[in-house]
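To start, the structure itself, in structure tokens.
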Amino acid sequence: MQLGESSSVADPFYYLANFQAMIDTLQRRDGDLLAPEERRFIVDFYDLPRDARALLVRMVMRKGPLFRASRLAYSEIADVGAAALPLIGLQWIDDRPDLGVADLFQLFGKVQVARYLGLPKHRLQETKSALLASLRDAHPERQPLHNWCAEPDTVYRLGVAAVCLRLRLMFFGNFRQDLSEFVLADLGVFRYESIGLHAESRPFPTRRHVDDFHGLYRCREMLHGGIEPAEIEDALPPPIKDCDWLEDRREKLRFQIARAYERAHKTDRAASIYSTCSYPEAQARAARLSGAASGRPRRLARDAVIVPAFELTLERPEEDRSVEHLVLDHLLAAANEETLVLYVENALINSLFGLLCWPAVFAPVPGAFFHPFHRGPADLSSAKFYDRRRREFSYCFAQLQSGAYRDAILRRFAQSQGIASPFVAWELIDERLLRTALACFPAEHLRLWFEYIVRDIRTNRAGFPDLVQFFPGSCRYRLIEVKAQGDRLQNNQRLCLEFMLRHQMPVSVCRVRWAGVAVQVT
């Protein structure tokens with residue numbers, strides 16, 4: 001099966017078809033980068049009977065590495081024991097693994113383990129973790145299941161999990177996604193943009209880069225496992241200067257290691273890492289630590305901007321209704337028939353950006369797309385996101401000057417309806433809203449907003465005002481940030497408001513007071 005073809009979940013072996021599509025893609029795209037062990041695995045895998053392949057994939061998809069045969073019951077696999085025999089012959093699974101007491105707790109419940117070990121009933125009052133901790137020293141031995149108990153079951157230990165994990169990481173290019181993405185696509189839960197990948201855009205230039213990526217994964221697992229940050233630093237791959245997206249991942253991990261040092265109150269080492277780290281938040285953390293060390297907070301200098309505000313006094317609702325919707329109802333009640341007021345927050349401006357800049361966002365640059373299941377490029381939050389696509393963004397922004405942007409946005413809306421995007425909120429927008437927004441938002445304001453977003457996507461895609469008020473008759477608009485009594489502007493909201501005000505955009509804050517509730521002076 002070719003990648004991207006449907007592997008209908010009506011097929012009981014759909015998961016096997018998906019796994020095979022994954023390794024087929026890796027052979028075509030990265031066949032020259034596969035290690036000998038990985039090539040041997042693929043050859044041997046396809047030589048197996050279908051039931052054996054299916055059983056292996058089922059085990060790979062579950063949490064292991066230990067499995068009770070009695071729990072491996074699948075209607076499409078007629079005989080699990082028979083399916084396991086070729087896997088045992090390849091030594092891909094071990095049907096007589098030595099088990100420690102911790103393994104027993106993984107495979108069986110606390111009551112069963114207590115019975116196998118002959119523990120008195122009062123020990124069952126202990127938590128599972130406390131009971132295990134107390135039993136480790138008393139039972140240090142490792143032995144097959146039948147030596148622990150007379151349980152009529154077989155335990156399998158999966159021995160090729162590491163190879164399968166490397167293939168999965170290589171295919172998805174991240175540490176989050178797995179084979180369930182195929183199923184979600186088959187069910188129509190998500191639709192994805194088709195990316196034209198080619199040799200120049202493949203993510204891993206050499207095998208060394210694949211190994212570095214796996215090294216980053218191992219360090220990340222160590223970090224999540226609570227390993228000392230100094231030990232993780234020692235295991236970190238050296239700088240990856242010839243592959244910028246991988247170096248971005250490495251710098252993010254360095255930032256997380258520095259945060260671990262901070263939490264361990266080793267601020268000197270944390271500050272040292274922050275000062276040389278290119279991850280977007282690193283310098284801000286370094287500044288905070290420097291300010292704390294000198295006994296005073298450091299502030300970023302900026303010109304004072306007065307944010308215009310107006311007040312509304314409203315009845316506090318009894319039902320669970322947001323203050324934004326209360327203000328929306330109030331403005332709608334006071335509006336004439338030609339005025340349109342909507343609760344859009346970040347969604348509308350981001351959607352306009354996503355529709356116009358669709359070709360730039362989904363440009364097949366190296367390290368951006370690994371497979372057909374991307375909701376957006378993998379480097380979306382990278383500081384280099386714009387620079388890697390400068391030419392494509394220049395073309396998109398040029399349409400704002402030529403006047404072609406309206407047709408481009410509406411055309412993309414029609415062509416890509418429902419396809420997953422990191423910017424487009426399909427559930428909010430419709431053609432009427434788009435046409436109204438394009439009539440009332442000046443092209444110059446769209447350009448300024450879009451340049452603001454790409455300057456720092458991680459921060460600037462959020463913080464836009466809650467409500468938009470359109471005046472189609474005069475092609476005007478107003479943006480309104482709503483704050484309930486006692487609420488304050490968040491940093492990204494203030495940055496966004498100040499940016500807009502510096503460019504003379506119509507924006508203000510609506511401060512809501514509750515009728516009959518006194519304002520507390522602080």
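Quick notes on this one:
- Test: residue in the range 415-433 that is within 20 Å of G376 (Cα to Cα) and part of a helix (DSSP H, G or I): yes
- Residue in the range 451-465 that is at pLDDT 95 or above and in contact with an Asp or Glu (Cβ under 8 Å, 6 or more places away or on another chain) present: yes
- L400 among the aliphatic types (A, V, I, L, M), open to solvent by 10 Å² or more (accessible area, probe 1.4 Å) and assigned to a helix (DSSP H, G or I): yes
- Condition check for E141: among the acidic types (D, E) and open to solvent by less than 60 Å² (accessible area, probe 1.4 Å): no
- Looking at A309, A301, A334, just one residue is out of contact with any helix residue (DSSP H, G or I) (no Cβ under 9 Å at 6 or more places or on another chain), at pLDDT below 95, surrounded by fewer than 10 Cβ atoms within 10 Å (Cβ to Cβ) and under 29 Å from D456 (Cα atoms), and that residue is A301.
- Candidate set: the range 144-164, residues that are closer than 17 Å to K63 by Cβ and open to solvent by 50 Å² or more (accessible area, probe 1.4 Å); chosen: the one modelled with the lowest pLDDT: A162
- Residues in the range 439-458 that are in contact (Cβ under 8 Å) with a residue 60 or more places away in the chain and assigned to a helix (DSSP H, G or I): H445, L446, W449, F450, I453, V454, R455, I457, R458.
- Every residue from the range 340-392 that is closer than 23 Å to M500 by Cα, out of contact with any Asp or Glu (no Cβ under 9 Å at 6 or more places or on another chain) and part of a helix (DSSP H, G or I): L348, I349, N350, S351, L352, F353, G354, L355, L356
- Restricting the range 260-277 to residues that are of a type outside the set (G, A, S) and buried (at least 18 other Cβ atoms within 10 Å of the Cβ), the residue that is nearest to the chain's Cα centre (by Cα): C277
- Of the residues making up the range 479-492, those that are closer than 19 Å to S351 by Cβ and either assigned to a loop (DSSP other than H, G, I, E, B) or more than 29 Å from the chain's Cα centre (by Cα) (or both) are L479, I480.
- Among residues of the range 345-359 that are aromatic (F, W, Y), those with a Cβ under 7 angstrom from a residue that is outside any helix (DSSP H, G or I), sequence gap 6+ or separate chain, pair up as F353/F423; W358/S416.
- Helices (runs of 4 or more DSSP H) contained in the range 168-286 and holding at least 1 residues basic (K, R): 207-224, 244-263, 267-275
- Applying the set (1) at pLDDT below 95; (2) farther than 25 Å from H214 by Cβ; (3) within 33 Å of the chain's Cα centre (by Cα); (4) among the aliphatic types (A, V, I, L, M) to M61 leaves exactly one unmet item: (2).
- Residue pairs whose Cβ atoms lie under 7 Å apart, separated by 6 or more positions or on different chains, with the first residue in the range 212-227 and among the acidic types (D, E) and the second surrounded by 17 or more Cβ atoms within 10 Å (Cβ to Cβ) and part of a helix (DSSP H, G or I), are D212/L246.
- Complete set of residues in the range 116-135 that are assigned to a helix (DSSP H, G or I) and open to solvent by 60 Å² or more (accessible area, probe 1.4 Å): K121, H122, Q125, K128, S129, A133
- Selection within the range 18-39 - surrounded by fewer than 20 Cβ atoms within 10 Å (Cβ to Cβ), small (G, A, S) and touching a residue at least 12 places away in the same chain (Cβ under 8 Å): A35
- For R488, the test of being open to solvent by 30 Å² or more (accessible area, probe 1.4 Å), under 20 Å from L312 (Cβ atoms) and out of contact with any Asp or Glu (no Cβ under 6 Å at 6 or more places or on another chain) is passed.
- Condition met for Q520 (part of a loop (DSSP other than H, G, I, E, B), modelled with pLDDT under 95 and crowded, with 17+ Cβ neighbours inside 10 Å): no
- Hey, Y46 in contact with a Cys (Cβ under 8 Å, 6 or more places away or on another chain) and either among the β-branched types (V, I, T) or without any contact (Cβ under 8 Å) to a residue 40 or more places away in the chain (or both) or not: no
- Boolean, V113 is open to solvent by less than 60 Å² (accessible area, probe 1.4 Å), part of a helix (DSSP H, G or I) and either under 28 Å from V57 (Cβ atoms) or in contact with a Pro (Cβ under 7 Å, 6 or more places away or on another chain) (or both): no
- The residue that is nearest to the chain's Cα centre (by Cα), counting only those in the range 192-203 that are surrounded by fewer than 14 Cβ atoms within 10 Å (Cβ to Cβ) and at pLDDT 65 or above, is S194.
Residue-wise test of (1) open to solvent by 60 Å² or more (accessible area, probe 1.4 Å); (2) in contact with a strand residue (DSSP E or B) (Cβ under 9 Å, 6 or more places away or on another chain); (3) not aromatic (F, W, Y).
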{"site": "K63", "(1), (2), (3)": "yes, no, yes"}
{"site": "W92", "(1), (2), (3)": "no, yes, no"}
{"site": "G109", "(1), (2), (3)": "no, no, yes"}
{"site": "L167", "(1), (2), (3)": "no, no, yes"}
{"site": "N174", "(1), (2), (3)": "no, no, yes"}
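- Yes/no for P229 being in contact with a Phe, Trp or Tyr (Cβ under 7 Å, 6 or more places away or on another chain) and farther than 21 Å from R166 by Cβ: yes
- Of all residues in the range 343-353, exactly one satisfies the criterion of being hydrophobic (A, V, I, L, M, F, W, C) and either farther than 29 Å from S416 by Cα or modelled with pLDDT under 95 (or both), namely V344.
The values are calculated or read from the model by the stated rules, or taken from the named source; none is laboratory data. Quick caveat, the model's predicted, so the values are computed rather than measured. With ideal geometry, Cβ positions are generated from the backbone for all residues, glycine too; neighbour counts draw on all protein chains shown. The accessibility values were calculated without ligands, DNA or RNA, using every heavy atom of the protein model including side chains. Shrake-Rupley method; radii C 1.70, N 1.55, O 1.52, S 1.80 Å.
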